[in-house]
Amino acid sequence: MTALLTDNLPLLAGAPNGIKKLRELILELAVRGKLVPQDPRDEPASELLKRIAEEKARLVAEGKIKRQKQLAELGEEEKLFELPCGWEWQRLDAISPMSLVDGDWIESKDQDPSGGVRLLQLADIGVNEFKDKSDRFVNEETFLRLNCTALEAGDILIARLPSPIGRACIFPGLSCKAITVVDVAVLRPLNTFCSGYVVNAINSTCFREQVEAYGKGATRFRIATGHLKSLLIPVPPLSEQHRIVAKVDELMALCDRLEAQQADAESAHAQLVQALLDSLTQASDAADFAQSWQRLAEHFHTLFSTESSIDALKQALLQLAVMGKLVPQDSGDEPASALLKRIAEEKARLVVEGKIKKQKLLAQIGADEGSSKVSSGWELVRFGQLIELISGQHLGPDEYFDSPQDGAIPYLTGPAEFGEVHPQPTRFTHERRATSIQGDILLTVKGSGVGKTNFVDQEELAISRQLMAIRPVLLDTQFTRYLLLSMAEHFQSKSIGIAIPGISREDVLDAPIGLPPLPEQHRIVAKVDQLMALCDQLKARLGQARQVHEQLANALVEQAVA
């Protein structure tokens, strides 16, 4: 079975979450007796378990431990699968002289940053890894007053809460005394048992499935220590336990190397893709552009083999579109200067009619802003010259509600209610302090989603201060949205604030952009729509290939554990 694993590592590791699943498979094979060969000369596990029972009886007789509550006899129907010759099923609590116990109940008021007793947290417990992450302490007085249980090096710590629930590690010992919180159970195996094997068994899928079947809690998924005690682990002969641990360590180290190689390869791939895409957007002339495209086209299927690389391609296509490099210019088009004049006239008319507010004069574009060179027939302008901008306004909790009412309009609080194209509001209001109308483009201007957009398809919509509505004037609306999508990085670079980062009206209005003639806007939209659809098809094929890959990997896993 080990050969089956190692011979198919590329297939298994390359599947979605492949290395994580590979680690799980290693542990599952370990506890099924399929990772190392059995040796008929090994003393059977039944003799080991007999010695453990005798040792526990002796410790009880000497008053060193309390007599444990008798666990239910192990029924044949409880056994999860057939074990190799010489192995036995046993309840977890039966392999330890000290009954499995909870950590200590320590309230915040009992903690002391200057205390000398370390208080371990759930964050310290990893899957077969003591993470040593927390920094909590109690003092010696509290330790004695609460009669806390001091941990010993070699104790096994089991998390009773996610994530994942039931994960376990060996406590390595610290330079100071240590205890743990109540949501961690403590198991202290006898020296006659291999602690490394116990931890591997607890972290295996077969044990975790038992844990999850017991886990309870309306707000927090939790397993009681009493239930943990009764769960089953497969017990191999002691000699085989040590061989299993050595093989698991060897294979986990191999997984570590695969993971590092995979991360390095993914990083190098992303850098290569971005460098080649940048060579397109930064091309100095048509010949340079053609040469860069040729380089990219020759290795297209190798380069665009991940979802992130296809997303990078989409962003590059948007950049090319708004730079005038995606479709040819047509000398017969009315130049953008004429369109710009008509937009100014239309905005002046709307101001006179009281439909929009008069906008303050925007500064001329400086030589250090944007690109001083635009395509033939284009104009370099500020975005505010082309749009009306409506800033959202905050509504208090008493000003909106969750179900429609007569005369109310939808109220959108932010991008959490954005759909793929159109918003999907779940609240309503009678307030109309800041409203967007059908055809507007919503832009997220506050929070982690700065730059995200949606098209408004509602007749009227109230918007919160996390959003602004952009109303194009005589522009192709879809081209305007593509403009905004291409400006996402620009907006994110302008986003300031630690708690809630955001951009201002000026950041939107002052952004320099290239304005193409209206007919070219339509051609750009048609071409971008076509290329985005092709990118989506490429992504779908990746998904299909991933499914096939996963099916093959799963088939191998099933063969390994059968």
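Somewhere in the stretch 320-336, is a residue surrounded by 14 or more Cβ atoms within 10 Å (Cβ to Cβ), without any contact (Cβ under 8 Å) to a residue 60 or more places away in the chain and closer than 14 Å to residue 520 by Cβ?
yes
Hey, among 362, 317, which residue is more than 12 Å from residue 514 (Cα to Cα), touching a Gly at 6+ places or on another chain (Cβ under 6 Å) and either of a type in the set (A, V, I, L, M) or surrounded by fewer than 14 Cβ atoms within 10 Å (Cβ to Cβ) (or both)?
Step by step, each of 362, 317 is checked, and only 362 is more than 12 Å from residue 514 (Cα to Cα), touching a Gly at 6+ places or on another chain (Cβ under 6 Å) and either of a type in the set (A, V, I, L, M) or surrounded by fewer than 14 Cβ atoms within 10 Å (Cβ to Cβ) (or both).
Only one of (1) within 19 Å of residue 539 (Cα to Cα); (2) without any contact (Cβ under 8 Å) to a residue 40 or more places away in the chain fails for residue 341. Which number is that?
Condition not satisfied by residue 341: (1).
Kindly indicate whether residue 253 is over 24 Å from residue 43 (Cα atoms), at pLDDT 90 or above and of a type in the set (A, V, I, L, M, F, W, C).
Yes: the conditions hold for residue 253.
Looking only at the stretch 162-196, count every residue that is of a type in the set (Ser, Thr, Tyr), crowded, with 19+ Cβ neighbours inside 10 Å and more than 11 Å from residue 151 (Cα to Cα) and tell me the total.
1
For (1) within 20 Å of residue 221 (Cα to Cα); (2) at pLDDT 90 or above, each residue gets a yes or a no:
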position: 112; (1), (2): no, yes
position: 117; (1), (2): no, yes
position: 122; (1), (2): yes, yes
position: 162; (1), (2): yes, no
position: 168; (1), (2): yes, yes
position: 182; (1), (2): yes, yes
position: 197; (1), (2): no, yes
position: 201; (1), (2): no, yes
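I need the full set of residues from the stretch 360-375 which are touching a strand residue (DSSP E or B) at 6+ places or on another chain (Cβ under 8 Å), modelled with pLDDT of 75 or more and of a type outside the set (Val, Ile, Thr), in order please.
Initially, the stretch 360-375 is screened for residues touching a strand residue (DSSP E or B) at 6+ places or on another chain (Cβ under 8 Å), giving 362-363, 365, 369-372, 374-375.
Now narrow it down to the ones that are modelled with pLDDT of 75 or more: 362-363, 365, 374-375.
The answer is 362, 363, 375.
What residue, among those in the stretch 56-85 that are outside any loop (DSSP other than H, G, I, E, B) and of a type in the set (D, E, K, R), is surrounded by the most Cβ atoms within 10 Å (Cβ to Cβ)?
Taking the candidates together, the pick is 56.
Quick check: is even one residue across the stretch 323-341 touching a Ser or Thr at 6+ places or on another chain (Cβ under 8 Å) and at positive phi?
Yes, the stretch 323-341 contains at least one residue that is touching a Ser or Thr at 6+ places or on another chain (Cβ under 8 Å) and at positive phi.
Please determine whether any residue of the stretch 522-543 is surrounded by 15 or more Cβ atoms within 10 Å (Cβ to Cβ), in contact with a Pro (Cβ under 9 Å, 6 or more places away or on another chain) and part of a helix (DSSP H, G or I).
Yes: one or more hits.
Being within 25 Å of the chain's Cα centre (by Cα) and surrounded by fewer than 17 Cβ atoms within 10 Å (Cβ to Cβ) is the filter here, so list the residues in the stretch 122-160 that pass it.
123, 126, 129, 130, 131, 132, 133, 134
Might you let me know whether the stretch 363-379 holds any residue that is touching a Lys or Arg at 6+ places or on another chain (Cβ under 8 Å), among the acidic types (Asp, Glu) and either more than 21 Å from residue 476 (Cβ to Cβ) or in contact (Cβ under 8 Å) with a residue 24 or more places away in the chain (or both)?
Within the stretch 363-379, not a single residue is touching a Lys or Arg at 6+ places or on another chain (Cβ under 8 Å), among the acidic types (Asp, Glu) and either more than 21 Å from residue 476 (Cβ to Cβ) or in contact (Cβ under 8 Å) with a residue 24 or more places away in the chain (or both).
With respect to residue 491, determine if the residue is of a type in the set (Phe, Trp, Tyr), surrounded by 16 or more Cβ atoms within 10 Å (Cβ to Cβ) and modelled with pLDDT under 90.
It is true that residue 491 is of a type in the set (Phe, Trp, Tyr), surrounded by 16 or more Cβ atoms within 10 Å (Cβ to Cβ) and modelled with pLDDT under 90.
What strands (runs of 3 or more DSSP E) lie completely within the stretch 404-475 and have 3 or more residues being assigned by TED's automatic domain parsing to the domain that holds residue 506 and over 32 Å from the mean Cα position of the chain (by Cα)?
Qualifying strands (runs of 3 or more DSSP E): 435-437.
What single numbered condition from (1) closer than 19 Å to residue 49 by Cα; (2) surrounded by 21 or more Cβ atoms within 10 Å (Cβ to Cβ) fails to hold for residue 230?
Of (1) closer than 19 Å to residue 49 by Cα; (2) surrounded by 21 or more Cβ atoms within 10 Å (Cβ to Cβ), only one is false for residue 230: (2).
Quick test of your reading of the structure: residue 68 fulfils all but one of (1) under 30 Å from residue 24 (Cα atoms); (2) among the polar types (S, T, N, Q); (3) at pLDDT below 90. Name the failing condition by number.
Every listed condition holds for residue 68 apart from (1).
In this structure, is residue 250 over 23 Å from the mean Cα position of the chain (by Cα), closer than 22 Å to residue 126 by Cα and either in contact (Cβ under 8 Å) with a residue 24 or more places away in the chain or outside the structural domain of residue 99 (by TED's automatic domain parsing) (or both)? I'd like the intermediate steps shown before the answer.
Numbers: over 23 Å from the mean Cα position of the chain (by Cα): yes; closer than 22 Å to residue 126 by Cα: yes; either in contact (Cβ under 8 Å) with a residue 24 or more places away in the chain or outside the structural domain of residue 99 (by TED's automatic domain parsing) (or both): yes.
Here the answer is yes, as residue 250 does meet what is asked.
Please state which one of 460, 506 is surrounded by fewer than 17 Cβ atoms within 10 Å (Cβ to Cβ) and touching a Ser or Thr at 6+ places or on another chain (Cβ under 6 Å).
Checking each option against the conditions leaves just 460.
Please verify whether the stretch 289-299 includes one or more residues that are within 33 Å of the chain's Cα centre (by Cα) and within 19 Å of residue 479 (Cα to Cα).
Scanning the stretch 289-299 turns up no residue that is within 33 Å of the chain's Cα centre (by Cα) and within 19 Å of residue 479 (Cα to Cα).
What number of residues within the stretch 476-488 satisfy the criterion of being at pLDDT below 90 and part of a loop (DSSP other than H, G, I, E, B)?
Total satisfying the criteria: 1.
For the stretch 390-417, name all the residues that are within 14 Å of residue 468 (Cα to Cα) and either surrounded by 19 or more Cβ atoms within 10 Å (Cβ to Cβ) or free of Cβ contacts under 8 Å to residues at least 24 places away in the same chain (or both).
Step one: of the stretch 390-417, the residues within 14 Å of residue 468 (Cα to Cα) are 390-394, 411-415.
390, 392, 411, 412, 413, 414, 415, listed by residue number.
Could you list, in sequence order, all residues of the stretch 213-225 that are modelled with pLDDT of 85 or more and loosely packed, with under 14 Cβ neighbours inside 10 Å?
213 - this is the single residue of the stretch 213-225 that is modelled with pLDDT of 85 or more and loosely packed, with under 14 Cβ neighbours inside 10 Å.
Does residue 88 fit the bill of being more than 19 Å from residue 200 (Cα to Cα), in the same structural domain as residue 229 (by TED's automatic domain parsing) and of a type outside the set (Lys, Arg)?
no
Kindly evaluate residue 496 against the criterion of being β-branched (Val, Ile, Thr), assigned by TED's automatic domain parsing to the domain that holds residue 449, under 26 Å from residue 312 (Cα atoms) and without any contact (Cβ under 8 Å) to a residue 40 or more places away in the chain. Please lay out each step first, then the result.
On the way: β-branched (Val, Ile, Thr): yes; assigned by TED's automatic domain parsing to the domain that holds residue 449: yes; under 26 Å from residue 312 (Cα atoms): yes; without any contact (Cβ under 8 Å) to a residue 40 or more places away in the chain: yes.
For residue 496, the condition - β-branched (Val, Ile, Thr), assigned by TED's automatic domain parsing to the domain that holds residue 449, under 26 Å from residue 312 (Cα atoms) and without any contact (Cβ under 8 Å) to a residue 40 or more places away in the chain - is met.
The values are calculated or read from the model by the stated rules, or taken from the named source; none is laboratory data. Bear in mind that the values here come from a model prediction, so they are computed numbers and not experimental data. Every residue, glycine as well, gets a Cβ built from its backbone with ideal geometry; the counts of neighbours run over all protein chains shown.
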